[in-house]
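A short write-up of the structure that comes next.
The values are calculated or read from the model by the stated rules, or taken from the named source; none is laboratory data. Source: prediction; values computed, not measured. For neighbour counting, all protein chains shown are included, and Cβ atoms are generated from backbone atoms with ideal geometry for every residue, glycine included.
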Amino acid sequence: MNLILLGAPGAGKGTQAEAICDRLNIPAISTGNIIREAIKNATDLGKAVKGYIDAGQLVPDDVVIEMVKVRLSNDDCKNGFILDGFPRTVPQAEALDKMERNIDKVIDIEVSDEDIKKRLSGRRVCGSCGASSHIDYKPTAIDGICDKCGKDTIQRQDDKPETVQKRLDVYHNQTVPLKQYYAKQGKLFKVYGQEDVKDTTAMTMKALEA
Ligand code: AMP
């Protein structure tokens with residue numbers, strides 16, 4: 001199954017992507033994680049895009065489109081994939097259509113802006129493997145330590161309150177139009193993000209079976 005997870009930053013796309021990945025055994029591809037990894041390793045790409053990510057802006061379309069094209073050509077995507085955080089603009093969605101990887105479903109995780117702000121302020125990510133947690137809603141077993149790899153968790157620079165509003169504005173202006181884009185194709189399935197992650201996951205799984 002070829003899937004897209006749509007939703008505001010902090011809506012829980014990464015968490016749901018992990019759950020689907022476990023269930024369907026297909027890779028979850030997060031453009032945000034690929035970009036952060038490039039920044040951490042100070043690659044040419046990383047150096048070129050750091051300013052955008054820190055400012056809460058989108059990286060230029062051509063850069064992410066190429067990144068996804070390369071990633072989808074990997075063998076592990078043969079039987080399906082989950083795109084988490086791509087596409088984020090209509091030109092990206094059009095470019096994805098041209099890649100001729102038929103998208104089966106687009107799961108749109110709906111969360112209010114007010115809740116997004118609460119969620120992002122408590123979100124932590126592992127500085128090493130990128131796994132996400134939340135100090136209230138999805139705490140790690142040991143405070144500040146990643147459950148998956150045992151390294152320290154950190155707050156993302158762009159989860160700081162001053163950047164969050166900018167990212168929400170970008171989401172409403174550039175990403176929300178994708179709901180209509182995929183609704184027109186009959187592929188949009190809405191899931192209302194719940195406070196308890198387990199409840200959201202149950203609704204996501206239902207959407208996959210629909
Ligand atoms: P995320 O982890 O998905 O919230 O992404 C973090 C940041 O990476 C975003 O705020 C953008 O700066 C950049 N980014 C990730 N995916 C995309 C995309 N599809 N298009 C443009 N920028 C992206």
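Let's see how each residue does on (1) out of contact with any strand residue (DSSP E or B) (no Cβ under 6 Å at 6 or more places or on another chain); (2) more than 8 Å from the ligand (Cβ to nearest atom); (3) free of Cβ contacts under 8 Å to residues at least 40 places away in the same chain:
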{"site": "A28", "(1), (2), (3)": "no, yes, no"}
{"site": "R36", "(1), (2), (3)": "yes, no, no"}
{"site": "D61", "(1), (2), (3)": "yes, no, yes"}
{"site": "K78", "(1), (2), (3)": "yes, yes, yes"}
{"site": "R88", "(1), (2), (3)": "yes, no, no"}
{"site": "V111", "(1), (2), (3)": "yes, yes, no"}
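Filter the stretch 132-167 down to the residues that are outside any strand (DSSP E or B), buried (at least 18 other Cβ atoms within 10 Å of the Cβ) and within 11 Å of the ligand (Cβ to nearest atom) and list them by number.
R156, D158, D159, T163, V164, R167, listed by residue number.
Give the residue, chosen from I103, I109, that is surrounded by 14 or more Cβ atoms within 10 Å (Cβ to Cβ), modelled with pLDDT of 95 or more, in contact with a helix residue (DSSP H, G or I) (Cβ under 9 Å, 6 or more places away or on another chain) and assigned to a strand (DSSP E or B).
On inspection, the qualifying residue turns out to be I109.
Per-residue answers, yes or no, for (1) within 25 Å of A141 (Cβ to Cβ); (2) more than 10 Å from the ligand (Cβ to nearest atom); (3) touching a residue at least 60 places away in the same chain (Cβ under 8 Å):
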| residue | (1), (2), (3) |
| --- | --- |
| G10 | yes, no, yes |
| A19 | yes, yes, yes |
| D44 | no, yes, no |
| N74 | no, yes, no |
| L83 | no, no, yes |
| V106 | no, yes, yes |
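Please state which one of A93, A48 is more than 28 Å from D22 (Cβ to Cβ) and part of a helix (DSSP H, G or I).
Working: A93 fails: more than 28 Å from D22 (Cβ to Cβ).
Within the list A93, A48, the selection yields A48.
With (1) within 18 Å of the chain's Cα centre (by Cα); (2) in contact (Cβ under 8 Å) with a residue 24 or more places away in the chain as the list, and V176 as the residue in question, which single condition is left unmet?
(2)
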